[in-house]
Amino acid sequence: MTQTQTGKAFEYAILQEFNEKLNNITNVKIVQNDALATAKKYFNQFDKQTQGRYLLTASFAVNF
């Protein structure tokens, strides 16, 4: 994967973590668009272990 692709995958992980955190205190609506589809596609190309690491790292960033 390229740096751009891994960056998009991390953007998706960050979005998931923000969504999880904010859904506890407010209503969140994620807009389905081409940018989201691209980020999700690259995230889903990783194996589950790598996805887990991305989500964990994103969680640290969101909760910092």
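The values are calculated or read from the model by the stated rules, or taken from the named source; none is laboratory data. This one's a predicted model, so the numbers in the text were calculated from it and none came from an experiment. Cβ placement follows ideal geometry from the backbone for every residue including glycine, while neighbour counts extend to all protein chains displayed.
In this structure, is residue 50 at pLDDT 95 or above and part of a loop (DSSP other than H, G, I, E, B)? Spelling it out, it is not the case that residue 50 is at pLDDT 95 or above and part of a loop (DSSP other than H, G, I, E, B). May I ask you to list pairs of residues, at least six apart or on different chains, whose Cβ atoms are under 9 Å apart, with the first in the range 49-62 being closer than 11 Å to residue 16 by Cα and the second being modelled with pLDDT of 95 or more and outside any helix (DSSP H, G or I)? Qualifying pairs under 9 Å: 54/46.
What number of residues within the range 8-36 satisfy the criterion of being out of contact with any helix residue (DSSP H, G or I) (no Cβ under 6 Å at 6 or more places or on another chain), of a type in the set (D, E, K, R) and in a helix (DSSP H, G or I)? Result for the range 8-36: 2. Of the residues 33, 19, 24, 44, only one is free of Cβ contacts under 8 Å to residues at least 24 places away in the same chain and either under 8 Å from the mean Cα position of the chain (by Cα) or surrounded by 13 or more Cβ atoms within 10 Å (Cβ to Cβ) (or both); which? The conditions single out 19.
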